[in-house]
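Novice: Pasting a structure below so you can have a look.
The values are calculated or read from the model by the stated rules, or taken from the named source; none is laboratory data. In this text, all values refer to a predicted model and were calculated from it rather than measured experimentally. With ideal geometry, Cβ positions are generated from the backbone for all residues, glycine too; neighbour counts draw on all protein chains shown.
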Amino acid sequence: MKKNTQLLKLIHILSDGGVYSGEELAKEFNVSRMAINKYIANLRLWGIDIQSARGKGYSLSSKLELLDEQSIRALSRAADHSFEIIPIIDSTNQHLLNQIPNLQKGHVCVAEYQTKGRGRRGRQWYSPFGSNLYYSMYWKFDEGVAATIGLSIAVGVTVAEQLRKLSQQDIKLKWPNDLYLNDKKMAGILVELTSKSGDDAHVVIGIGINLKMPQFQSDVITQPWENLMFEDKNQLVASLTDALKENISHFEQKGLTDFIPTWNALDNFTGRKVKLLMGDQAIEGTARGIDEQGALLFEQNNKIHAYMGGEISLRKAD
Ligand code: BTN
């Protein structure tokens with residue numbers, strides 16, 4: 001059996017939260033106890049929080065719900081969603097980008113662990129096994145790149161609405177498309193696009209949601225962050241897929257207009273002092289929501305300027 005297959009089997013066994021001795025696991029896998037020790041060390045490197053009690057055995061710090069195709073289909077409005085679950089992957093976005101000619105609109109890839117998860121502005125997206133959601137959807141815009149302007153705003157609104165409905169928590173948005181809970185980042189969206197001029201635009205929408213990431217891993221992340229603390233990952237995948245397909249189709253036909261009021265109502269920073277980071281430059285002002293194109297409205301010296309573009313980030317002023 002290949003190494004990852006064995007490690008995944010071990011995760012499945014431990015996922016019920018029970019305590020398993022090294023001896024019984026060694027028997028189950030037909031390997032030595034030393035080999036089991038190595039498997040456990042490997043799972044810890046993947047970011048899984050495993051307790052070991054002398055004389056008793058190994059257990060997870062809490063039960064782990066794993067992604068499951070049947071559950072997702074049963075929980076979706078449409079039984080015919082095209083999606084794949086790949087437990088261990090480099091990046092769900094990269095996986096879809098690599099297969100664009102073979103994909104149909106709305107195809108989804110989800111993973112338990114990403115070895116090269118990526119975020120906006122070239123940053124790494126820390127992706128430990130099982131405790132978060134790593135989700136990507138493919139879409140094709142026949143009208144080309146111009147038709148995708150504002151897409152990330154429509155996606156942000158859709159994700160915020162779904163997470164608010166499922167978790168009953170006061171989830172907010174930060175321009176251009178981060179999700180905030182308790183004034184900290186809880187999820188991020190990375191929209192990647194390929195197109196030759198005058199051609200269709202192919203888009204991969206990547207969504208990373210912190211669900212119950214152990215706090216001991218927080219030192220790898222550079223911004224204050226929060227967990228959604230929502231257990232049912234399969235429900236999340238089903239609801240996000242239903243809502244994204246519906247709302248992206250709406251965006252494609254009618255544009256951004258219908259998403260703006262919800263975005264402005266859920267804006268975490270409207271009326272607050274913020275910093276805009278652009279390369280090495282940082283400017284201070286007040287956030288004033290977004291305009292009809294999805295540009296950030298930013299007030300400085302009593303004048304409001306509209307900012308647009310992938311290389312700008314907004315931060316709380318100190
Ligand atoms: C951000 O920087 O806030 C965006 C983070 C996007 C992360 C997600 S996780 C699933 C998908 N695959 C990736 O490699 N990145 C996105």
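Novice: For residue 240, are the conditions met, namely being of a type in the set (A, V, I, L, M) and not in a strand (DSSP E or B)?
Specialist: yes
Residue-wise test of (1) free of Cβ contacts under 8 Å to residues at least 24 places away in the same chain; (2) within 26 Å of residue 77 (Cβ to Cβ).
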| position | (1), (2) |
| --- | --- |
| 233 | no, yes |
| 238 | no, yes |
| 246 | yes, yes |
| 251 | no, yes |
| 254 | yes, yes |
| 295 | yes, no |
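Novice: Next question, about the same structure. Quick one: how many residues across the range 117-130 are over 15 Å from residue 214 (Cβ atoms) and buried (at least 23 other Cβ atoms within 10 Å of the Cβ)?
Specialist: Number of matching residues: 1.
Novice: Hey, another quick one. Among the residues of the range 72-128, write down those that are among the charged types (D, E, K, R) and within 26 Å of residue 222 (Cα to Cα).
Specialist: Once the filter is applied, which keeps residues that are among the charged types (D, E, K, R) and within 26 Å of residue 222 (Cα to Cα), the range 72-128 yields 90, 112, 116, 118, 120, 121, 123.
Novice: Just give me the residues in the range 131-143 being more than 9 Å from the ligand (Cβ to nearest atom) and under 13 Å from residue 209 (Cβ atoms), in sequence order.
Specialist: The one that is more than 9 Å from the ligand (Cβ to nearest atom) and under 13 Å from residue 209 (Cβ atoms): 131.
Novice: Could you say which residue among 254, 316, 303 is at pLDDT 95 or above, over 26 Å from residue 192 (Cβ atoms) and out of contact with any Ser or Thr (no Cβ under 9 Å at 6 or more places or on another chain)? Even if it seems obvious, please write down each step before you answer.
Specialist: On the way: 254 fails: over 26 Å from residue 192 (Cβ atoms); 316 fails: at pLDDT 95 or above.
Within the list 254, 316, 303, the selection yields 303.
Novice: Quickly run through the range 238-267 and pick out the residues that are farther than 19 Å from residue 137 by Cβ, of a type in the set (D, E, K, R) and buried (at least 18 other Cβ atoms within 10 Å of the Cβ).
Specialist: The one that is farther than 19 Å from residue 137 by Cβ, of a type in the set (D, E, K, R) and buried (at least 18 other Cβ atoms within 10 Å of the Cβ): 267.
Novice: Pick from 262, 241: which is among the hydroxyl-bearing types (Ser, Thr, Tyr) and within 19 Å of residue 182 (Cα to Cα)?
Specialist: Only one candidate qualifies: 262.
Novice: Given the structure, is residue 283 surrounded by 13 or more Cβ atoms within 10 Å (Cβ to Cβ) and either in contact (Cβ under 8 Å) with a residue 60 or more places away in the chain or in contact with an Asp or Glu (Cβ under 8 Å, 6 or more places away or on another chain) (or both)? I'd like the intermediate steps shown before the answer.
Specialist: Details: surrounded by 13 or more Cβ atoms within 10 Å (Cβ to Cβ): yes; either in contact (Cβ under 8 Å) with a residue 60 or more places away in the chain or in contact with an Asp or Glu (Cβ under 8 Å, 6 or more places away or on another chain) (or both): no.
For residue 283, the condition - surrounded by 13 or more Cβ atoms within 10 Å (Cβ to Cβ) and either in contact (Cβ under 8 Å) with a residue 60 or more places away in the chain or in contact with an Asp or Glu (Cβ under 8 Å, 6 or more places away or on another chain) (or both) - is not met.
Here's the yes/no breakdown for (1) within 21 Å of residue 292 (Cα to Cα); (2) among the β-branched types (Val, Ile, Thr); (3) in contact with a Leu (Cβ under 9 Å, 6 or more places away or on another chain); (4) at pLDDT 95 or above:
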site	(1), (2), (3), (4)
138	no, no, yes, yes
142	no, no, no, no
165	no, no, no, yes
171	no, yes, yes, yes
177	yes, no, yes, no
186	no, no, yes, yes
195	no, no, no, no
208	no, no, yes, yes
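Novice: I'm checking my understanding of the structure. Among residues of the range 106-127 that are modelled with pLDDT of 95 or more and of a type in the set (Lys, Arg), which one is nearest to the ligand (Cβ to nearest atom)?
Specialist: 118
Novice: Right, something else. Output the residues belonging to the range 49-72 that are closer than 30 Å to residue 107 by Cβ and without any contact (Cβ under 8 Å) to a residue 24 or more places away in the chain.
Specialist: Of everything in the range 49-72, those that are closer than 30 Å to residue 107 by Cβ and without any contact (Cβ under 8 Å) to a residue 24 or more places away in the chain turn out to be 69, 70.
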